[in-house]
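Down below is the structure, laid out as C-alpha cells.
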Amino acid sequence: MYKIYCLNNISPEGLALLTDNYEVTENIDEADAILVRSADMHEMEVPANLKAVARAGAGVNNIPLDKFAEAGIAVFNTPGANANAVKELVLAGMLLASRDIIGGVAWVRDNADDENVGKAAEKAKKQFAGGEILGKTLGVIGLGAIGKLVAQSAEALGMKVIGYDPAMDEITVHEQISPTVEFADLPKVLKESDFITIHVPALPATKGMINADAIAQMKDGVVFLNFSRDVLVDDAAMAEALESGKVAAYVTDFANPAVVKMERAIVIPHLGASTAEAEDNCAKMAVEEVMAYLERGEKIHC
Ligand code: MLT
C-alpha cells in the first residue's frame, strides 16, 4: 500500500478519501507522495521513495518545481477547486471598498458602551456613506478559473466588465465566459476601469506588472484588488498611489509591510481560499490526482 505524508493538515473529506485508499505516514522519508497546502518545500530534502507532490491549491510558488522535475517527481495542483471561494472574497472586497462597512462597524464597537449608541450612530452615519458598484466598470486581468467567475458574477451584479488575458481571444471569452464581457488589451483595462482585479499566476513576466507605470494609466480614484499573489503588485508604488489618492482603495489578500498600515488599504491575511468547501474541494482533487498517478500513471493538472 502506498504511503502518503501530509505536510499540512488536510480537510476531513480529503483525509477520508486518503485513508480509505492509502496509509497516512508520519515518516516523510518513506512517503510515496506528499500532500501540501501552504508549507514551503524549497529547503526540503527529497525523500528517496517520493513519486508525487500534490498541492491543495492553485499556486505552486511554495514548491521547487525544477528540483522535483530533476528528481522525476510529478507535481500536481488543483486549479479551479477553490475558485468560487476566491471569487466570493473578491466580491466582498469590492463591496468593502465601496461601502465603509469597516469604518462603520469599528465606530459601533468603539461606542458600544454608550447607552444611547443607537441615536449616536444615526448622527455618525454620514461619515460612512459610500457608493454603489451597479453600473461601474470592472477590469479583470486574467480570465482563468477565478477571473471567469469574478467576471460573470460582476455582470450579474450589474457591472460592466472589461477583461484582458494574453492567453485568450475574443471568441473564446464570449463563448466560455460571457458574450457581454468586453475583451480588451491591458492599457484599455487599466484606463477605463473603476475597479480592477488581477487573477494571474506569479511568473517572471507577471512579477511587478502593477507598477508605477501601470498605476499611472489607471483612472483617478480607482479601486484595485489583488487576491492572486503579492509579487504581482509593486507595493511601494501602490503605497504612493494610496497616499496621493490616485488609488482610492487597495484591497489585498497579502499583508505587505508597505501597505498594511495605510488608511486606504484593506489588507486580508490570505483568506481567499479559506472556506470549508474550498479546503474540501482542493484536498479531494489533490488526493484524486495522487491516486490517478500512483495507480495508473495518469497526470492530471501536472
Ligand atoms: C491558491 O494558490 O490556491 C490560493 O492562493 C489559496 C491558498 O493557497 O491559500
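Since every read-out is calculated from the coordinates, none of them should be taken as a lab result. This one's a predicted model, so the numbers in the text were calculated from it and none came from an experiment. Because the Cβ atoms are built from the backbone with ideal geometry, glycine has one as well, and the counts that use them run over all protein chains shown.
Using only Cα atoms and rounding to the nearest 10 degrees, what angle (0 to 90) does helix 145-156 make with the longest principal axis of the chain?
Once rounded, one gets 30 degrees.
Taking θ as phi - 60°, what are the ³J(HN,Hα) couplings along the stretch 107-116 by the Karplus curve (6.51, -1.76, 1.60), each to the nearest whole Hz, with x for Gly and Pro?
Karplus-based 3J(HN,Hα) across the stretch 107-116 equals 4, 4, 4, 4, 10, 5, 7, 6, 5, 9 Hz.
Among 103, 269, 74, whose Cα projects farthest towards the positive end of the dipole of the chain, with charges put on the beta-carbon of Lys, Arg (+1) and Asp, Glu (-1)?
Result: 103, furthest along the dipole toward the positive end.
Quick one: of 148/284; 87/123; 123/188; 87/207; 148/246; 126/246, which pairs are farther than 32 Å apart, Cα to Cα?
Where the Cα-Cα span goes over 32 Å, the pairs concerned are 87/123; 123/188.
Show me, for the stretch 118-134, the HN-Hα J-couplings you get by feeding each phi into the Karplus relation (A = 6.51, B = -1.76, C = 1.60, θ = phi - 60°), rounded to Hz, glycine and proline as x.
Ordered by residue, 3J(HN,Hα) equals x, 5, 4, 5, 4, 6, 6, 4, 4, 5, 10, 5, x, x, 10, 8, 3 Hz.
How high is the FRET efficiency from residue 8 to residue 217, r the C-beta distance, R0 41 Å, rounded to 0.05?
Result of the calculation: an efficiency of 0.55.
Please list 3J(HN,Hα) in residue order for the stretch 230-240, calculated via the Karplus relation 6.51 cos²θ - 1.76 cosθ + 1.60 where θ = phi - 60°; whole Hz, with x for glycine and proline.
These are the phi-based 3J(HN,Hα) values: 4, 5, 6, 10, 7, 5, 5, 5, 5, 4, 4 Hz.
Taking only Cα atoms, what is the 0 to 90° angle, nearest 10, from helix 12-21's long axis to the longest principal axis of the chain?
It works out to around 10 degrees.
Charges only on Cβ, +1 for Lys and Arg, -1 for Asp and Glu: so what's the dipole of the chain about the Cα centre, in debye to the nearest 20?
860 debye
What Kirkwood hydrodynamic radius, in Å, does the chain give when the mean of 1/r is taken over all pairs of distinct Cα atoms and then inverted?
About 21.1 Å for the chain.
Given N residues in the stretch 243-302, what is Rg(Cα) / (2.2 N^0.38 Å)?
Numbers: Rg = 18.9 Å, N = 60, 2.2 N^0.38 = 10.4 Å.
This ratio for the stretch 243-302 stands at 1.81.
Placing unit charges on C-beta atoms (Lys and Arg positive, Asp and Glu negative, everything else neutral), compute the dipole magnitude of the stretch 34-132 about its Cα centre in debye, rounded to 20.
Working: 11 positive and 13 negative charges, 65 e Å.
Taking the Cα centre of the stretch 34-132 as origin, the dipole is about 320 debye.
Could you sort 195-207, 160-172, 115-127, 217-229 so that the peptide with the highest average Cβ count within 10 Å comes first and the rest follow in order? Walk me through the numbers before you get to the answer.
Numbers: 195-207: 18.7, 160-172: 17.0, 115-127: 11.0, 217-229: 21.3.
Top to bottom by mean Cβ count within 10 Å: 217-229, 195-207, 160-172, 115-127.
Going by Cα centres, the stretch 10-84 and the stretch 230-302 are how many Å apart?
Centre-to-centre distance over Cα atoms comes out at 19 Å.
At residue 43 and residue 270, where each label point lies 7 Å from the Cα along Cα→Cβ, what is the point-to-point distance in nanometres?
In this crude label model, residue 43 to residue 270 measures out at 1.5 nm.
Give me the net charge of residue 49's neighbourhood, meaning all other residues with Cβ under 13 Å from the Cβ of residue 49; Lys, Arg count +1, Asp, Glu -1.
-3
Using amide H atoms built 1.01 Å from N in the peptide plane, name the residues 5+ places from residue 76, or on other chains, whose amide H lies under 5 Å from its own.
53, 54, 55
Based only on other Cβ atoms within 10 Å, what is the fewest-to-most ordering of 25, 78, 180?
180, 25, 78
Farthest toward the dipole's positive end in the stretch 179-249, which of 224, 198, 238, given Cβ charges of +1 (Lys, Arg) and -1 (Asp, Glu) about the Cα centre?
The Cα lying farthest towards the positive end belongs to 198.
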